[in-house]
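The values are calculated or read from the model by the stated rules, or taken from the named source; none is laboratory data. The structure presented is a predicted model; accordingly, all values stated were derived computationally and were not measured. Positions of Cβ are generated from backbone atoms using ideal geometry, with glycine treated the same way; all protein chains shown enter the neighbour counts. Each accessible area value is taken on the protein alone, full model and side chains, heavy atoms only, with ligands, DNA and RNA left out. Shrake-Rupley method; radii C 1.70, N 1.55, O 1.52, S 1.80 Å.
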Amino acid sequence: MTRSENNGGFYITTPIYYVNDVPHIGHAYTTIACDALARWHRTAGHETRFLTGTDEHGQKIEQAAQKRGMTPIELCDEVVVNIQKLWPLLEVSNDDFIRTTEERHAKVVQYFFKTLLDKGDIYKGDYEGWYCLPCETYFTDAQAGDQRACPDCGRPLTRMSEESYFFRLSNYAGKLIAHYEAHPDAIMPKARYNEVLSFIRGGLQDLSVSRTTLKWGISVPGDDKHVIYVWLDALVNYISALGYPQPGGLWETHWPNARHMVGKDIIRFHAVIWPAILMAMGLNPPVRVFAHGWWTVEGDKMSKSKGNVVDPFEMTELYGADAFRYFLLREVPFGNDGDFSELAMAHRINSDLANDLGNLLNRTLQMIEKYRGGALPADGCLACAKETDRSVALAADAAIERMKAEMDEFALDSALKTLWTLISAGNKYIDETEPWKLGNKGRDDQSEPEGRLDVVLRTLWEILRLAAILLHPFMPETAAEIWAQLGLDRGAFSSGEALLSRWQWGRCPSPVIVKKGPVLFPRIDISKWKEEKARRDAAKRPAAEHPSVVPVAPAEKFGEISIADFKKLEIRVAMIERVETVEKSDKLYKLLVDLGAQKRVIVSGIREQFSADELTGKRILVICNLKPAKLRGITSEGMLLTAEATKGGKAIYALATVDDNVPLGSLVG
Ligand code: MSP
């Protein structure tokens, strides 16, 4: 199959994420961007498929599992859940989720390996390089440097050689160059295209595609001593998930339309190694590899040690998935690096969402309700139409065409800017036509014909209807809410299908009764927000980092007790297994804790202090013999221990936790 057989469909993939890390803004960004593209193409009626998943093999997982006294698959099964539960929260509409530890994947990786071996594109040889024994990793001459020291741990390197299988990457330089010269949009943005092309022109070396030092991976068929190189294993996910090479599998329809979205750091794997492997297999290379930029946070590189990792669970909880999605996709030209600032997000919510979008909806529906009892006026009065109505309609059609072109280029930020020109045109149209004057004019006022207000209201309603359709890929929930408030069928909208025939001006069913609902995006009070943010930041940092922190309760507050009194407390080590919010409460969580021999439900008022993600998986201390209490109808069977202090007059909290190696159920005392 060749590229020219691309059948107009759209198959988009995210990188598969390592499971040894908690999901952060980088993962959310790629996935949300793919989601917007997938939703856009579904709306346009293209045969669409969207894949994401996890990369679960390799040394890091092997070592992390060993540390925790688990098998690698036990660890993967535990942590994959963090990623899988994030996507629905972010309204990600992936059609499939692949894990590289699944059988359906492993057998395709082995099929690739065997086919390439049989064809002579993979051969056995000796790998020689500078080896770091403690890190179990090879380095090239350049990486080893003059000091011959490990770039990771600094220890001396040893020259070693071992048997390895190699992929004849060197054979594919010419074919890759020819391919990219013929398809200049196969790598985007342009700067990445140039970078990759000049890398290939510099010549390609054969690639070692097996390891004997690694155990946790897919073994080379017929040679168990070797495990297949993790990147070869990982890349194959894009097609193993489509049921390749089964005849009639999804791959036959979707593979010719494959587009990979990746971060700029992994472009070479996707735009050099992967297409060469595909060519060797007789498959078409991806239609496009798009490399987006990296996020820093408030000007700083994001890292766990700096404690500045942006947690998508927290952002969603605080601002809602749609506002977070909007900010990520709008703030930075797609392809460039960007800086994440929560303050910038709060400002953008106020200006673009509360002001521009929210006001247009609010004002329009308010006037339809006030002047027409909520019924959308019929569109009949040609004599009442004016040039300004026609130019708004033309602007809307032009915006749609422009957005189509921008979405083809993956220019997500530009597409949103274009959409906002339509929303701004709507607000400007209200200011120009002054519908309140038309609505309030006396019977004797002949300055405007009777039907003029109908035309104006209908034009505004129509702008919003189109805006909802165009907004849907970026902010699915908000768009559906606008649709419903316009008096249209929310269910049909959410399925996406119904939008197809309706994205030209004037395709409106009648009669329609609008249903004005709650404000879409309440304005954020920035000075209150700043106080709240400072409190959150303080609560996140460990107390040791705050010399100014003072304990809340001085010891003298408590009277003396005997050891016997203390011994009455049954305090045990537990692990927080699940965290749920309690309905109609801002403060309470319902926690399921594992005490080893049993599990219990604890209702705890710590929701303002800790996100669900911060709690899940933590080993904590629980008082088990407190009399059970009912909170909001839920029986709480214990209490967890937290430390409380104040900083700058504000309370800050920390959980009392114990190391992961303390067995669950251990008695504390
Ligand atoms: N497992 C490999 C991909 C294999 S694909 C066959 C991997 N995983 S990862 O979890 O480390 O990274 C996934 C993606 O997150 C990469 O595309 C990476 O660029 C992206 N990001 C990681 N940190 C990022 C930012 N700070 N900003 C934006 N994206 C970043 O690599």
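In the range 330-383, which residues are among the acidic types (Asp, Glu), within 16 Å of the ligand (Cβ to nearest atom) and closer than 15 Å to Ile524 by Cα?
Glu342
Taking only pairs six or more apart or across chains, which ones have beta-carbon atoms under 6 Å, a first residue in the range 134-156 that is in contact (Cβ under 8 Å) with a residue 60 or more places away in the chain, and a second residue that is in a loop (DSSP other than H, G, I, E, B)?
Pairs that qualify, where the first residue is in contact (Cβ under 8 Å) with a residue 60 or more places away in the chain and the partner is in a loop (DSSP other than H, G, I, E, B), are Glu136/Thr213.
What about Leu394, is it among the aliphatic types (A, V, I, L, M), open to solvent by 40 Å² or more (accessible area, probe 1.4 Å), at pLDDT below 90 and not assigned by TED's automatic domain parsing to the domain that holds Ile187?
No.
Anything in the range 61-95 that is touching a strand residue (DSSP E or B) at 6+ places or on another chain (Cβ under 7 Å) and either open to solvent by 30 Å² or more (accessible area, probe 1.4 Å) or free of Cβ contacts under 8 Å to residues at least 24 places away in the same chain (or both)? List them, or say none.
Residues satisfying the conditions are Gln84, Asn94, Asp95.
Those residues that are under 10 Å from Trp216 (Cβ atoms) and charged (D, E, K, R), I need them from the range 54-100; list them, please.
Glu56, Lys60, Glu62, listed by residue number.
What's the number of the only condition in (1) more than 16 Å from the ligand (Cβ to nearest atom); (2) modelled with pLDDT of 95 or more that Lys215 fails to meet?
Unmet condition: (2).
Are any residues in the range 233-272 open to solvent by 10 Å² or more (accessible area, probe 1.4 Å) and near the ligand (Cβ under 10 Å from one of its atoms), and if so, which ones?
Lys264, Asp265, Ile266, Phe269 - these are the residues of the range 233-272 that are open to solvent by 10 Å² or more (accessible area, probe 1.4 Å) and near the ligand (Cβ under 10 Å from one of its atoms).
Within the range 102-121, track down each residue that is more than 29 Å from the chain's Cα centre (by Cα) and not aliphatic (A, V, I, L, M).
Passing the criteria: Gln110, Tyr111, Phe112, Phe113, Lys114, Thr115, Asp118, Lys119, Gly120, Asp121.
If we scan the range 206-229, do we find a residue that is open to solvent by less than 50 Å² (accessible area, probe 1.4 Å), in a loop (DSSP other than H, G, I, E, B) and more than 30 Å from Leu133 (Cα to Cα)?
Within the range 206-229 (the criterion being open to solvent by less than 50 Å² (accessible area, probe 1.4 Å), in a loop (DSSP other than H, G, I, E, B) and more than 30 Å from Leu133 (Cα to Cα)), the answer is no, since none of the residues qualifies.
Would you say Lys264 is among the basic types (Lys, Arg) and more than 30 Å from Asp337 (Cα to Cα)?
So Lys264 fails the test.
Does any residue in the range 612-637 that is more than 27 Å from Phe566 (Cβ to Cβ) come within less than 6 Å, Cβ to Cβ, of a residue that is assigned to a loop (DSSP other than H, G, I, E, B) and among the polar types (S, T, N, Q) six or more places away or on a different chain, and which pairs are these?
Short answer, once both residue conditions are applied: Arg632/Ser585.
Within the range 105-149, restricting attention to residues that are of a type in the set (A, V, I, L, M) and part of a strand (DSSP E or B), which residue is least open to solvent (accessible area, probe 1.4 Å)?
Going through the qualifying residues, I end up with Ile122.
Residues are listed down the side, and each one gets a yes or a no for (1) within 14 Å of the ligand (Cβ to nearest atom); (2) surrounded by fewer than 22 Cβ atoms within 10 Å (Cβ to Cβ):
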site	(1), (2)
Met281	no, yes
Val287	no, yes
Gly299	yes, yes
Phe313	no, yes
Thr316	no, yes
Gly320	no, yes
Leu328	yes, no
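How many residues are free of Cβ contacts under 8 Å to residues at least 60 places away in the same chain and within 19 Å of the chain's Cα centre (by Cα) when one looks only at the range 268-300?
So the answer is 2.
Any residue at all in the range 168-189 that's open to solvent by 40 Å² or more (accessible area, probe 1.4 Å) and within 16 Å of the ligand (Cβ to nearest atom)?
No: zero hits.
Are any residues in the range 602-638 over 17 Å from Ser666 (Cβ atoms), touching a Ser or Thr at 6+ places or on another chain (Cβ under 8 Å) and at pLDDT below 90, and if so, which ones?
Listed by number, the residues that qualify are Val603, Ser604, Ile606, Arg607, Gln609, Ala612, Pro628, Ala629, Lys630, Arg632, Ser636.
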